[in-house]
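**Q** Before I ask anything, let me first share the structure, which is written out below as structure tokens.
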């Protein structure tokens, strides 16, 4: 494990940072700079989890992500029981959702991941681009004749929802069920929020079970049928594994991409010179621009909790078996030791070795899909409304939730130039 440090240090008492405040969501760079100043890995008190360690630099975060022997997902591999962040009193249906590949170590992780890898491979995602463009255009058609729109809920949320539901093979008429559930999930900031989410999710869990049973009776297009077919071929997926996998694919492929799109729009509108640079040649610049927008906004700011598998020294800090560690992806992406002027949006930044989609064996399964969705969403939006502006640039409502950077709503004026000219 990495131990190189210019000077040794030792911290034990948790340091206090306001991770959730709207102010730190609006401008996250000072928060992560202050964390880096305390050391490459520091003890903090985390929502739901309690005392744990977080990495703050690019090098420490990358080292943690890649060392799946020293930092494990399953408590049993670190001499503990349970799941980090899940209390003993939580309903079984919520705990069921932790039975997914993101929270598994090898070889179970590899077994579960291979079942869905094919659907998310680059070639398959590339073939979906035309369909994604059609969905984006259809959603934008709904804005015809409107001067204002909420791009977060009427566009950035609906686009990835439509895409992932098509990929899974879920009926179109049922998709609002999942949108409602995802909105509820973002309120999980307290015990009350968790119970509120439980009552919402229990119905959706039953719905997913029904969809799996329907696919068993009659296979159809989509990943759910592929998973059922794989189960029948001898991979021995349990019923709970099937349900958990569908939930993981839905949430990971929907909510996080929603925030990538919304946050990117905010960033472009707050940096008009960069927006002008992109719109001067969107076809040639969009791919690289989305990589930088992802780094600059980092919608998923932290990894899931991991456990220290054995006593060790990591970047000068003594860690004990069973300690909880989380990698701060935003801290890594804002590290000036890796990125020149990280608090500036530079759409032509290259190279750009960001950790937006994590790294190691648990790198984001849907990263190629998220990239294409963001590229399409921004391309189609600005092709139709190049002069849109934020309706309330000084009053953006940020979701106050640990590990996530996203907006509650994104009201914009679609035809700002036309309105100004008419005035």
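The values are calculated or read from the model by the stated rules, or taken from the named source; none is laboratory data. Every value quoted in this text rests on a predicted model; they were computed, and no experiment measured them. Virtual Cβ from ideal backbone geometry, glycine too; neighbours counted across all protein chains shown.
**Q** So, in the stretch 114-131, of the ones that are assigned to a helix (DSSP H, G or I) and crowded, with 18+ Cβ neighbours inside 10 Å, which residue ends up modelled with the highest pLDDT?
**A** We begin by selecting, within the stretch 114-131, every residue assigned to a helix (DSSP H, G or I); these are 114-120, 122-127, 129-131.
Filter once more, so that each one left must be crowded, with 18+ Cβ neighbours inside 10 Å: 115-116, 119-120, 125.
Working: 115: 78, 116: 79, 119: 68, 120: 75, 125: 82.
It comes out as 125.
**Q** Do we have any residue at all in the stretch 132-140 that's in a helix (DSSP H, G or I) and within 21 Å of the chain's Cα centre (by Cα)? Talk me through it step by step, then tell me what you get.
**A** The initial filter retains those residues of the stretch 132-140 that are in a helix (DSSP H, G or I), namely 132-140.
Adding the requirement that they be within 21 Å of the chain's Cα centre (by Cα) leaves 132, 136.
Yes, because at least one residue in the stretch 132-140 is in a helix (DSSP H, G or I) and within 21 Å of the chain's Cα centre (by Cα).
Here is a yes/no grid of residues against (1) at pLDDT below 90; (2) over 24 Å from residue 357 (Cα atoms):
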position	(1), (2)
218	no, yes
237	yes, yes
243	yes, no
256	yes, no
261	no, no
264	no, no
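**Q** Please go through (1) surrounded by 15 or more Cβ atoms within 10 Å (Cβ to Cβ); (2) at negative phi; (3) at pLDDT below 80 for residue 89 and return the number of the only condition it doesn't satisfy.
**A** (1)
**Q** Out of 287, 273, 269, I need the residue that is surrounded by fewer than 20 Cβ atoms within 10 Å (Cβ to Cβ) and within 14 Å of residue 156 (Cβ to Cβ). Which one?
**A** 269
**Q** Shifting gears a bit: I'd like to check which helices (runs of 4 or more DSSP H) are fully inside the stretch 322-423 and have at least 3 residues that are free of Cβ contacts under 8 Å to residues at least 60 places away in the same chain.
**A** On the way: elements: 329-333, 367-384, 416-422.
So the answer is 416-422.
**Q** Being surrounded by fewer than 20 Cβ atoms within 10 Å (Cβ to Cβ) and assigned to a helix (DSSP H, G or I) is the filter here, so list the residues in the stretch 141-157 that pass it.
**A** 141, 153, 154
**Q** Now for a separate question. Take the stretch 38-60 and flag every residue that is out of contact with any strand residue (DSSP E or B) (no Cβ under 9 Å at 6 or more places or on another chain) and in a helix (DSSP H, G or I).
**A** Selection gives 58, 59.
A quick yes/no check of all residues on (1) more than 13 Å from the chain's Cα centre (by Cα); (2) closer than 30 Å to residue 100 by Cα:
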{"site": "287", "(1), (2)": "yes, no"}
{"site": "298", "(1), (2)": "no, yes"}
{"site": "310", "(1), (2)": "yes, yes"}
{"site": "337", "(1), (2)": "yes, no"}
{"site": "354", "(1), (2)": "yes, yes"}
{"site": "382", "(1), (2)": "yes, no"}
{"site": "393", "(1), (2)": "yes, no"}
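**Q** Return the total of residues in the stretch 312-321 being in contact with a helix residue (DSSP H, G or I) (Cβ under 8 Å, 6 or more places away or on another chain) and either over 19 Å from residue 80 (Cα atoms) or assigned to a strand (DSSP E or B) (or both).
**A** First, pick out the residues of the stretch 312-321 that are in contact with a helix residue (DSSP H, G or I) (Cβ under 8 Å, 6 or more places away or on another chain): 314-315, 321.
Next cut, either over 19 Å from residue 80 (Cα atoms) or assigned to a strand (DSSP E or B) (or both) only: 314-315.
Number satisfying all stated conditions: 2.
**Q** Of the residues that make up the stretch 294-309, is at least one surrounded by fewer than 22 Cβ atoms within 10 Å (Cβ to Cβ), assigned to a loop (DSSP other than H, G, I, E, B), at pLDDT 95 or above and touching a strand residue (DSSP E or B) at 6+ places or on another chain (Cβ under 9 Å)?
**A** Yes, some residue in the stretch 294-309 is surrounded by fewer than 22 Cβ atoms within 10 Å (Cβ to Cβ), assigned to a loop (DSSP other than H, G, I, E, B), at pLDDT 95 or above and touching a strand residue (DSSP E or B) at 6+ places or on another chain (Cβ under 9 Å).
**Q** A further question follows. Working carefully through the options 109, 77, find the one that is assigned to a helix (DSSP H, G or I), farther than 28 Å from residue 370 by Cα and at pLDDT below 95. It would help to see each step written out before you state the result.
**A** Values: 109 fails: farther than 28 Å from residue 370 by Cα.
Among 109, 77, only 77 is assigned to a helix (DSSP H, G or I), farther than 28 Å from residue 370 by Cα and at pLDDT below 95.
**Q** Specify which of the listed residues (32, 17) is at pLDDT 90 or above and assigned to a loop (DSSP other than H, G, I, E, B).
**A** 17
**Q** Still on this model: Name the residue, out of 26, 63, 70, that is out of contact with any strand residue (DSSP E or B) (no Cβ under 7 Å at 6 or more places or on another chain) and modelled with pLDDT of 95 or more.
**A** The unique qualifying residue is 63.
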